[in-house]
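Visitor: My questions all concern the structure below.
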2 protein chains.
Amino acid sequence: MSDAVVLDLTADTITLLEQLVNIESVSKNEQRIADAVEAALRPLGHLDVSRHGNTVVARTSLGLPERVVIAGHLDTVPLNDNLPAVRDGDVLRGLGTCDMKGGVAVMLRLAATVPAPNRDLTFLFYEAEEIESEFNGLHLLSQSDPDLLQADFAILMEPSDAVIEAGCQGTLRVDVTTRGERAHSARSWMGVNAIHKAGAILDRLNAYEARRPVIDGLEYHEGLNAVFINGGVAGNVLPDVCTVQVNHRFAPDRSEAEAAAYVRDFFAGFEVELTDSAPGALPGLDRPAAKEFVEAVGGEVNPKFGWTDVARFSALGVPAVNFGPGDPMLAHKQEEYVPVEQVLRCESVLTTWLGA
Amino acid sequence: MSDAVVLDLTADTITLLEQLVNIESVSKNEQRIADAVEAALRPLGHLDVSRHGNTVVARTSLGLPERVVIAGHLDTVPLNDNLPAVRDGDVLRGLGTCDMKGGVAVMLRLAATVPAPNRDLTFLFYEAEEIESEFNGLHLLSQSDPDLLQADFAILMEPSDAVIEAGCQGTLRVDVTTRGERAHSARSWMGVNAIHKAGAILDRLNAYEARRPVIDGLEYHEGLNAVFINGGVAGNVLPDVCTVQVNHRFAPDRSEAEAAAYVRDFFAGFEVELTDSAPGALPGLDRPAAKEFVEAVGGEVNPKFGWTDVARFSALGVPAVNFGPGDPMLAHKQEEYVPVEQVLRCESVLTTWLGA
């Protein structure tokens, strides 16, 4: 096809990043970028390349004692009048610069420039991270080819300001519901107001004290928050149902089941329905590969509070960290950008760590 | 027009009622029924008949010391597969039988059969009671021809189980709002949860104690109820706004302004916006016409808790009561019906009270 893009992995990393950003790849439209990534990797003789939908896997098979996964997603959130990329002083602006083609550019450069790493490498360029889990390339690969995810350590190159964010907290949602009895509001003593009963739910939330466990030297910080509340039938009717949707963020020393039990106990006496759950990920900083990586980066490590795909590795027994260029607070913002210096620093740190 | 209906005011009241019910007259579609009512009243020489939109007014002018308004609306709520009328043992079923063509039938019979009443009479057959106030025939008449509403006493023939329900409570609505600051729910300490802050609003509502003032011997019963609550942005975001819509029903010894001040004071410290307000109506049972009417009915009087158009008379200085056939709890229900006995009893009581 005439619109196929040829990526030049010998170009400087920022030029490569700009090329990647200018291949529009909103979730479910990743074919062109996956084609370009696959075409750029195929000629590299030290890598075994395979294609799975619009996910591309490239592996060394050097028989080294340790294997590391380096992963990044190819898709972006929807366009918001923020393409093509614009070089603006020390930053590159545009959709996907921060989340997360900066990381993808670094991965491609490592694949091209480190043909003899000190650890075996598995590069995962995957599709559909920004949408429902069922389409997520990592999820699909964990179902179809779980062996390809096996490693001693994984680095997810999501934006983390080029600082290691280790592990991640889990997340679950429950609907906490109160029930009453409808009545005309002019004769309210004939009914039971379900919204008024929800006051006791909010009282408990207001009394909540967050657990802040320290794991591998990192202080996590849990949370329990109403994210929605809804009740009401009509302006003259006592409502018979009120539902509070509560989001619990839990530190990775608790399993999903333990966290769900905690929330059920917290709301004892109320109707509680679990609607959504994803496990946390332990930081795993006690593993040798992780320790050496932390040293290579300079020793700074923060806990990851939000949920990320590192949990998918953790679920497979692979410790994983987030480490990538870009401010995570800029992800999904129209004005997202990535500092050139962070992209180059991530590349440099990883190149050094991989012994090149 | 060939579909014009001719009402026979000399027929028995239930036959007349059935005729009225079978003229479909959902709000804003009252022309046929208003035409039929006007045509039936015009030949009655003791009445001055005037037409105002689809509202029909018929008055005696006998120069008597006292004037009484008897009022009823011609419209119904929407069809719900409940026409035509069905005679079922001791009741008549169908749309409008209860709310409130039973009362309208009684009014038409009084107009025809009491040509020399002991009080001057003003019959008001009005349009659009079931919809927004701006279309309400009584409201329009109070603006265009307020003199036509003047009287010493008014009887609104809304369903009240053929018992006097005196006055009515007022109603107002406020939005009580809390504000916070958005943050990602994984870093909830960075924000302020507006839903959690609404717990204090519900706590106050739960501590509310209803005032039950006795007025003219009738115990009213106020109410303060959340009728809606809404808050939430996304499943992973701390909400920055939560709004509780509160409906206050207040006894008629308080003005709208007093009731609004009470609610603002009750929610002191919160953002309170008044969105809707309608005054109550004092029972006015101290007036001679009202006293005699209560005696004629047999002495039983209940307070009216819900708001009705009696408040429009009260606002004009005319004491008013609700008195009509049918169970008010059946109004707006698909299965509405009216007991024949109640229709006939209302007619009989009023005929006697008017000295015929």
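Visitor: Could you tell me which numbered condition B:VAL246 fails, if it satisfies all but one of (1) assigned to a loop (DSSP other than H, G, I, E, B); (2) crowded, with 24+ Cβ neighbours inside 10 Å; (3) within 14 Å of chain A (Cβ to nearest Cβ)?
Guide: Against the list (1) assigned to a loop (DSSP other than H, G, I, E, B); (2) crowded, with 24+ Cβ neighbours inside 10 Å; (3) within 14 Å of chain A (Cβ to nearest Cβ), B:VAL246 comes up short only on (1).
Visitor: Here's another thing I want to ask about it. Considering only residues that are part of a loop (DSSP other than H, G, I, E, B) and either of a type in the set (Asp, Glu) or open to solvent by 10 Å² or more (accessible area, probe 1.4 Å) (or both), which ones fall in the range B:54-65? So that I can check it myself, show each step before the final result.
Guide: First, the residues of the range B:54-65 that are part of a loop (DSSP other than H, G, I, E, B): B:54, B:60-65.
Result: B:ASN54, B:SER61, B:LEU62, B:GLY63, B:LEU64, B:PRO65.
Visitor: Ok, one more. Which of the residues spanning the range B:188-202 are of a type in the set (A, V, I, L, M) and part of a loop (DSSP other than H, G, I, E, B)? Walk me through how you get there before you give the answer.
Guide: To start, the set of residues in the range B:188-202 that are of a type in the set (A, V, I, L, M) comprises B:190, B:192, B:194-195, B:198, B:200-202.
Scanning the range B:188-202 gives a single hit, B:ALA198.
Visitor: Quick one: in the range B:205-242, which of the residues that are part of a strand (DSSP E or B), within 7 Å of chain A (Cβ to nearest Cβ) and of a type outside the set (A, V, I, L, M) is nearest to B:PHE305 (Cα to Cα)?
Guide: Out of the qualifying residues, it is B:GLY223.
Visitor: Is one or more of the residues making up the range A:308-324 in contact with a Pro (Cβ under 7 Å, 6 or more places away or on another chain), at pLDDT 95 or above and within 30 Å of A:GLY355 (Cα to Cα)?
Guide: yes
Visitor: Could you give every pair whose Cβ atoms fall below 7 Å, whose first residue belongs to the range A:37-51 and is exposed (fewer than 15 other Cβ atoms within 10 Å of the Cβ), and whose second residue is part of a loop (DSSP other than H, G, I, E, B), counting only separations of at least 6 or pairs across chains?
Guide: A:ASP48/A:SER61
Visitor: Something else about it: Kindly evaluate A:PRO239 against the criterion of being more than 30 Å from B:HIS248 (Cα to Cα) and at pLDDT 90 or above.
Guide: Numbers: more than 30 Å from B:HIS248 (Cα to Cα): no; at pLDDT 90 or above: yes.
Spelling it out, it is not the case that A:PRO239 is more than 30 Å from B:HIS248 (Cα to Cα) and at pLDDT 90 or above.
Visitor: Separate question: Would you confirm whether or not the range B:220-243 contains a residue that is among the hydroxyl-bearing types (Ser, Thr, Tyr), surrounded by 17 or more Cβ atoms within 10 Å (Cβ to Cβ) and in contact with a Lys or Arg (Cβ under 9 Å, 6 or more places away or on another chain)?
Guide: Restricting attention to the range B:220-243, the residues satisfying the condition of being among the hydroxyl-bearing types (Ser, Thr, Tyr) are B:220, B:243.
If we keep only those that are surrounded by 17 or more Cβ atoms within 10 Å (Cβ to Cβ) as well, we get B:220, B:243.
Among the residues that remain, those that are also in contact with a Lys or Arg (Cβ under 9 Å, 6 or more places away or on another chain) are: B:220.
Yes, the range B:220-243 contains a residue that is among the hydroxyl-bearing types (Ser, Thr, Tyr), surrounded by 17 or more Cβ atoms within 10 Å (Cβ to Cβ) and in contact with a Lys or Arg (Cβ under 9 Å, 6 or more places away or on another chain).
Visitor: Okay, moving on. Between B:LEU202, B:LEU172, B:LEU218, which is under 19 Å from B:ALA278 (Cα atoms) and in contact with a strand residue (DSSP E or B) (Cβ under 9 Å, 6 or more places away or on another chain)?
Guide: Details: B:LEU202 fails: under 19 Å from B:ALA278 (Cα atoms); B:LEU218 fails: under 19 Å from B:ALA278 (Cα atoms).
None of the others qualify; the one that does is B:LEU172.
Visitor: Let me ask you something else. Of all residues in the range A:151-185 being polar (S, T, N, Q) and in contact with a Lys or Arg (Cβ under 8 Å, 6 or more places away or on another chain), which is nearest to the other protein chains (Cβ to nearest Cβ)? Break it down into steps so the answer makes sense when it comes.
Guide: Narrowing the range A:151-185 to residues polar (S, T, N, Q): A:160, A:169, A:171, A:177-178, A:185.
In the following step, the residues that additionally are in contact with a Lys or Arg (Cβ under 8 Å, 6 or more places away or on another chain) were identified as A:160, A:169, A:171, A:178, A:185.
On the way: A:SER160: 14, A:GLN169: 6, A:THR171: 7, A:THR178: 10, A:SER185: 5 Å.
The qualifying residue nearest to the other protein chains (Cβ to nearest Cβ) is A:SER185.
Visitor: Report, by residue number, each residue of the range A:162-185 that is buried (at least 20 other Cβ atoms within 10 Å of the Cβ) and closer than 30 Å to A:VAL294 by Cβ.
Guide: Within the range A:162-185, A:ALA162, A:ILE164, A:GLU165, A:ALA166, A:GLY167, A:CYS168, A:GLN169, A:GLY170, A:THR171, A:LEU172 meet the criteria.
The values are calculated or read from the model by the stated rules, or taken from the named source; none is laboratory data. All values derive from a computational prediction rather than experimental measurement. Don't worry about glycine lacking a Cβ; one is built from the backbone with ideal geometry, like all the others, and counts go over all protein chains shown. Protein only, heavy atoms only, side chains kept; ligands, DNA and RNA dropped before computing areas. Shrake-Rupley method; radii C 1.70, N 1.55, O 1.52, S 1.80 Å.
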